[in-house]
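Participant: The structure is given below, and queries will be raised subsequently.
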2 protein chains.
Amino acid sequence: MALSASLQALLDRFHAGTTTALARAISLVEDEREGFQDFMHEVLKVGPRTARVGFTGPPGAGKSSIVATLATAYRARGEDVGVVAVDPTSPFSGGALLGDRIRMNELTTDAGIFIRSMATRGSLGGLATTTKEVMDLMDAFGFARVLVESVGVGQTELEITAAADTVVVVLVPESGDAIQAMKAGLMEIADVFVVNKADRPGADRLVKEIRQAIHLRAGSALRDVPAHHGVDLSRLGGAGSARAVKERPARAEPQGWEIPVLRTVAQSGDGLPEVLEAVDRHREWLTKSGELGLRRRARARVRVQNVVDRELRRLARHTAASGGRLEHGLDAIVQGAETPYSVAREVLADLLDPEAR
Amino acid sequence: MALSASLQALLDRFHAGTTTALARAISLVEDEREGFQDFMHEVLKVGPRTARVGFTGPPGAGKSSIVATLATAYRARGEDVGVVAVDPTSPFSGGALLGDRIRMNELTTDAGIFIRSMATRGSLGGLATTTKEVMDLMDAFGFARVLVESVGVGQTELEITAAADTVVVVLVPESGDAIQAMKAGLMEIADVFVVNKADRPGADRLVKEIRQAIHLRAGSALRDVPAHHGVDLSRLGGAGSARAVKERPARAEPQGWEIPVLRTVAQSGDGLPEVLEAVDRHREWLTKSGELGLRRRARARVRVQNVVDRELRRLARHTAASGGRLEHGLDAIVQGAETPYSVAREVLADLLDPEAR
């Protein structure tokens, strides 16, 4: 489909590498303005190119400091970097300690780095489809690296695997309790573990616990689903698709990647070069092993489902609203004359069989 | 639509009040077995009747103890009670202290109480549509009260308003930090606040903070959205319906309900009669003020959207899978020959315009 004249002009400026065009494109997508899907289609024709690294973990674990340090290191190599922060407590979002904010400000004055802070989806949390679309825009814009920071609260932990090639899980000794509850989920998604604030009591114990958990998992993986691949990405395509088919169920355990467990003190910079090195090494492994293509394919599956579901929800809301059908139906449900199932059936019939109207 | 012979037999036994029929109906819905939506339609023809009370708050706040005590009190009045526990740490789900478990066991030997523990939706959290359907089954089965306990982690806090008429938020002095982050959401959904473990340090401060927050909210409500009604229930209809229309935007502040802030020590039973009384009083207010009908109507809207979205997702997955269209599309996306938007467009065209196939 042809773009409108103004969107075509935006696309041209986007392809020319104008940063303001990237910012405008992000607004276009965030607001779901007329034609944004056609625009995204044009933009994504280049295919995925960038290295996407996700950082997740509890609030206050120091994710932002680590992201800021890594971004600076990439810039020092001459690489352009995009950062997406989905964390209400992140310094990128303005809610942070002064020291952190100063460090972020240094970054934001650099033209080779583009930082976008995104709201979580209201109280619903998680990575919205829009967040992934913003990462796609940064990818298509040509950033060598796109880093995404998201606070780890259930949903997000899994969704970050649908957004990043490499997932870095950041924990702190204080999150010892949390890990009990989150262990299973975190073990499945981490490509690199970072124990930050490693100078505090309990850091040794936490490192040891994580190593043991990885070891146990590696042992059971030989007869079980492989690490990371055990994450049922297709589940992320929609909240109710619990019985969706697993991606690559029959695939063998990927060889050659041992999940490192690194110690850092982000405030002083201790251990951060090792994180940079581990992320680089993981990237190399992803490419060589063919795993990168598989992860991109799994991600594409989620994205198609996201786009389909969003459009269907939009159409269904529109159909339900037309002619006041839903409002009448709600009254009837409260009175016991109809049920959600009979009203839903009418909405679906209207949507799927327009001829019958 | 006519039910199959076996579902009709199940319906007859359900209507006759056979508890095993309720249990089988719940399994039918949980497994989304053939014909479950038609079965639900038949069951719900009686309309909503029961009093639904939701309990939410952080893990370990003592929600289960409070629910157990209230259930016992209702039973003492001769009322049948259904309990749905959506909390992996709940004693109802087996993960709890011995003392709690003994108390639960006393309940479970009572034929007038039916307890169902539901899994959270994997790592996605929240109240699944299925959970609300189980509550509907308990309602239709004829329980005078249906209590739902769900751990408060973001999403769930809001979703409980789409499941209960009365929402009791349970906090403990230790959750003082958590309240900072959750305050806005909790203020909006609570009809009754309970500060449990009120004999611990910090309880006074917490009670005072909550009262202040309620007071502030009441002041701003005159020019802002009213309490509870500020919750955009329609947002819960689907993860992406962020711009859905608010239910009853123009309605005035409901008069006559002041949110009580109660202190309890659930282990000793201190303060629990006051919780029972507050819930009863809220019920009376809901009925007299006409608010009950409005809340049931808002809930029906969410339920219709849930049912429509679930069915559309199912159809979309089926359409995408047919003929290997999606698999080819994914390969093309990774190669940059297609994008998620063009593949989604094909899936949608197939689904919405079968003639064009």
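Participant: Is it fair to say residue A:338 is modelled with pLDDT of 90 or more and not in a helix (DSSP H, G or I)?
Facilitator: Details: modelled with pLDDT of 90 or more: yes; not in a helix (DSSP H, G or I): yes.
For residue A:338, the condition - modelled with pLDDT of 90 or more and not in a helix (DSSP H, G or I) - is met.
Participant: Another question, then. Condition test on residue A:70, is it in contact with a strand residue (DSSP E or B) (Cβ under 7 Å, 6 or more places away or on another chain), buried (at least 20 other Cβ atoms within 10 Å of the Cβ), in a helix (DSSP H, G or I) and not small (Gly, Ala, Ser)? Give the derivation first.
Facilitator: Working: in contact with a strand residue (DSSP E or B) (Cβ under 7 Å, 6 or more places away or on another chain): yes; buried (at least 20 other Cβ atoms within 10 Å of the Cβ): yes; in a helix (DSSP H, G or I): yes; not small (Gly, Ala, Ser): yes.
Taking the combined requirement at face value, the residue satisfies it.
Participant: Report every pair of residues separated by at least 6 positions or lying on different chains whose Cβ atoms are under 6 Å apart, first residue within segment B:187-205 and more than 12 Å from residue B:264 (Cα to Cα) and in contact (Cβ under 8 Å) with a residue 12 or more places away in the chain, second of a type outside the set (S, T, N, Q) and in a strand (DSSP E or B).
Facilitator: Partner pairs satisfying both residue conditions: B:189/B:167; B:190/B:167; B:190/B:169; B:191/B:167; B:192/B:168.
Participant: Being farther than 12 Å from residue A:50 by Cβ and at pLDDT 70 or above narrows it down to one residue among A:106, A:133, A:157; which is it? Step through it out loud before you land on a result.
Facilitator: On the way: A:106 fails: at pLDDT 70 or above; A:157 fails: at pLDDT 70 or above.
Result: A:133 is the single residue among A:106, A:133, A:157 that is farther than 12 Å from residue A:50 by Cβ and at pLDDT 70 or above.
Participant: Within the set of pairs 6+ apart or on separate chains, which have a first residue in segment A:325-354 that is more than 7 Å from chain B (Cβ to nearest Cβ) and under 17 Å from residue B:42 (Cβ atoms), a second that is not in a helix (DSSP H, G or I) and not small (Gly, Ala, Ser), and C-beta atoms under 6 Å apart?
Facilitator: A:332/A:338
Participant: Determine whether residue B:271 is on the phi > 0 side of the Ramachandran plot and modelled with pLDDT of 95 or more. It would help to see each step written out before you state the result.
Facilitator: Working: on the phi > 0 side of the Ramachandran plot: yes; modelled with pLDDT of 95 or more: yes.
So residue B:271 passes the test.
Participant: Working carefully through the options B:320, B:344, B:300, find the one that is modelled with pLDDT under 90, small (Gly, Ala, Ser), closer than 24 Å to residue A:350 by Cα and not assigned by TED's automatic domain parsing to the domain that holds residue B:133.
Facilitator: Unique residue meeting the criteria: B:320.
Participant: Taking residue B:9, is it part of a helix (DSSP H, G or I), crowded, with 16+ Cβ neighbours inside 10 Å, away from chain A (no Cβ under 14 Å) and among the small types (Gly, Ala, Ser)?
Facilitator: Working: part of a helix (DSSP H, G or I): yes; crowded, with 16+ Cβ neighbours inside 10 Å: no; away from chain A (no Cβ under 14 Å): yes; among the small types (Gly, Ala, Ser): yes.
No: the conditions fail for residue B:9.
Participant: Taking the conditions exactly as written (under 30 Å from residue B:44 (Cα atoms), surrounded by fewer than 15 Cβ atoms within 10 Å (Cβ to Cβ) and either facing chain B (nearest Cβ under 9 Å) or not acidic (Asp, Glu) (or both)), does residue A:269 satisfy them or not? Quick ask: steps written out before the conclusion?
Facilitator: Numbers: under 30 Å from residue B:44 (Cα atoms): no; surrounded by fewer than 15 Cβ atoms within 10 Å (Cβ to Cβ): yes; either facing chain B (nearest Cβ under 9 Å) or not acidic (Asp, Glu) (or both): yes.
For residue A:269, the condition - under 30 Å from residue B:44 (Cα atoms), surrounded by fewer than 15 Cβ atoms within 10 Å (Cβ to Cβ) and either facing chain B (nearest Cβ under 9 Å) or not acidic (Asp, Glu) (or both) - is not met.
Participant: Going through segment B:42-74 one residue at a time, which ones are of a type in the set (Lys, Arg) and closer than 23 Å to residue B:293 by Cβ?
Facilitator: To start, the set of residues in segment B:42-74 that are of a type in the set (Lys, Arg) comprises B:45, B:49, B:52, B:63.
Those that are of a type in the set (Lys, Arg) and closer than 23 Å to residue B:293 by Cβ: B:45, B:49, B:52.
Participant: Could you look through segment A:298-357, keep only residues that are under 18 Å from residue B:136 (Cα atoms) and of a type in the set (Asp, Glu), and pick out the one that is surrounded by the most Cβ atoms within 10 Å (Cβ to Cβ)?
Facilitator: A:338
Participant: May I pose another question? For segment B:189-214, what are the residues that are part of a helix (DSSP H, G or I) and over 16 Å from residue B:282 (Cβ atoms)? Show your work before the answer.
Facilitator: Our first condition is that a residue be part of a helix (DSSP H, G or I); within segment B:189-214, this holds for B:189, B:203-214.
Within segment B:189-214, B:203, B:204, B:205, B:206, B:207, B:208, B:209, B:210, B:211, B:212, B:213 qualify.
Participant: Output the number of the condition that residue B:278 fails; it satisfies all remaining conditions of (1) within 12 Å of another protein chain (Cβ to nearest Cβ); (2) in contact (Cβ under 8 Å) with a residue 60 or more places away in the chain.
Facilitator: Looking at each condition in turn, residue B:278 falls short on (1).
Participant: The conditions are (1) more than 34 Å from the chain's Cα centre (by Cα); (2) at the interface with another protein chain (Cβ under 9 Å from one of its Cβ atoms); (3) surrounded by fewer than 18 Cβ atoms within 10 Å (Cβ to Cβ), and residue A:293 fails exactly one of them. Which is it?
Facilitator: (1)
Participant: Mind checking whether some residue in segment B:48-59 is at pLDDT below 80 and either more than 30 Å from residue A:345 (Cβ to Cβ) or among the small types (Gly, Ala, Ser) (or both)?
Facilitator: We begin by selecting, within segment B:48-59, every residue at pLDDT below 80; these are B:58-59.
Narrowing the set further to residues that are either more than 30 Å from residue A:345 (Cβ to Cβ) or among the small types (Gly, Ala, Ser) (or both) leaves B:58-59.
Yes.
Participant: Determine the pairs where a residue that is farther than 17 Å from residue A:305 by Cα, located within segment A:117-138, has a partner that is among the polar types (S, T, N, Q) and modelled with pLDDT of 75 or more with Cβ atoms under 6 Å apart, the partner being 6 or more residues away or on another chain.
Facilitator: A:118/A:131
Participant: Here's something else I'd like to know. Report yes if residue B:44 is at pLDDT below 95, assigned to a helix (DSSP H, G or I) and buried (at least 20 other Cβ atoms within 10 Å of the Cβ), otherwise no.
Facilitator: Working: at pLDDT below 95: yes; assigned to a helix (DSSP H, G or I): yes; buried (at least 20 other Cβ atoms within 10 Å of the Cβ): yes.
When the stated conditions are applied, residue B:44 passes them.
Participant: Tell me which residues, restricted to segment A:323-335, are among the small types (Gly, Ala, Ser) and at pLDDT 90 or above. Let's see the steps before the verdict.
Facilitator: At the first step, the residues of segment A:323-335 found to be among the small types (Gly, Ala, Ser) are A:323-324, A:329, A:332.
Within segment A:323-335, A:329, A:332 qualify.
Participant: Here is a follow-up. Which one is farthest from the chain's Cα centre (by Cα), of the residues in segment A:1-56 that are basic (Lys, Arg) and within 30 Å of residue A:272 (Cα to Cα)?
Facilitator: Taking segment A:1-56 as the starting set, the residues that turn out to be basic (Lys, Arg) are A:13, A:24, A:33, A:45, A:49, A:52.
Restricting the remaining residues to those that are within 30 Å of residue A:272 (Cα to Cα) gives A:49, A:52.
Details: A:49: 16, A:52: 9 Å.
Going through the qualifying residues, I end up with A:49.
The values are calculated or read from the model by the stated rules, or taken from the named source; none is laboratory data. From a predicted model like this one, the values you see are computed outputs, not experimental measurements. Every residue, glycine as well, gets a Cβ built from its backbone with ideal geometry; the counts of neighbours run over all protein chains shown.
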